[in-house]
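**Q** Let me begin by handing over the structure; questions about it come next.
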Amino acid sequence: MKIDYPSQEEIQIQCKQILDNSLPKPMSFCEKIRKIYWEPGLPTIFYHCGSAWFITGMVYLLVSMVCFLAWKQAKYQLFFSLLCCPLLYLVFSFAAFYMEEQTYIIELKKTLRYSFLRIISLRMLYTSMAAVLSDIMLLWGLQRHPAAKNFSAGEFMTIGTMGISSMFLFALLSLYLYYKLGSHGHLRILLMIWILICSGILLTEDNISYHLFHHIPFAVQTAIVTCSMIAFFIYIGHISKKTDPMLLDR
């Protein structure tokens, strides 16, 4: 029986079909972004974080009440407005870690399909976004307060950009330290450092705050916010790729 041997062209076509069927299809840019920053989903990312949300919400309400009730003391409003954004992020992150360890839910999360480090990094990302939104809402409310005539819109924008940029820098640092140390104890130290920084600005009254809020151009502050946010996103993408081989070279 005569068997025709396939031509070289047919062999190449068959090899190509086999490779195409065995290898995953390359993802588009939008698909890759969605996989990196969204794929586990919010229910997985924030699983068993209800107590942490409650504690952070109480802190936010307390800060908001102090800002509105102490409006005649401008230096206290400045202090709490600047304190708010990084404070909310650090409080939630520490509370979430603490609750996970106390209830041993951390052991369950380490058995999930997605690595625990990736879940932590995405949780920090969405927590930072929630902190930014909360800070913007607080400043928006303060700007419309009857006593806000003593403050210009530029001062509110300056406070907001400094708080948000500080929050992203703390978020980047906290994620890096957790990645290296594998522990959340450093969050308490970062929280104390931020409170001490804001307290120093408060105690020096106009000596530091005047230079921070009037001498630094708003364009420079905006650039700092943008760079710190981009660096945080890039680092989260780096962690996602290291913990998920399916994202490499696709």
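Readers should treat all values here as calculations from the given coordinates under stated rules, not as data from a laboratory. Remember, it's a predicted structure, so these values are computed and weren't measured experimentally. So basically every Cβ, Gly included, is an ideal-geometry build from the backbone, and we count neighbours across all protein chains shown.
**Q** Can you give me the C-alpha center-to-center distance between segment 116-143 and segment 219-244, rounded to a whole angstrom?
**A** Distance between centres, Cα-based: 14 Å.
**Q** Here's a follow-up. At a 10 angstrom cut-off on C-beta neighbours, averaged per residue, how do the peptides 81-88, 225-232 rank from highest to lowest? Intermediate values should be presented prior to the final figure.
**A** On the way: 81-88: 25.9, 225-232: 16.6.
The packing order, highest mean first, is 81-88, 225-232.
**Q** Note the full-extension length gain between residue 48 and residue 12 as 0.36 nm times their separation in residues minus their Cα-Cα distance, in nm to one decimal.
**A** Stretched out fully, the residue 48 to residue 12 stretch lengthens by 7.7 nm.
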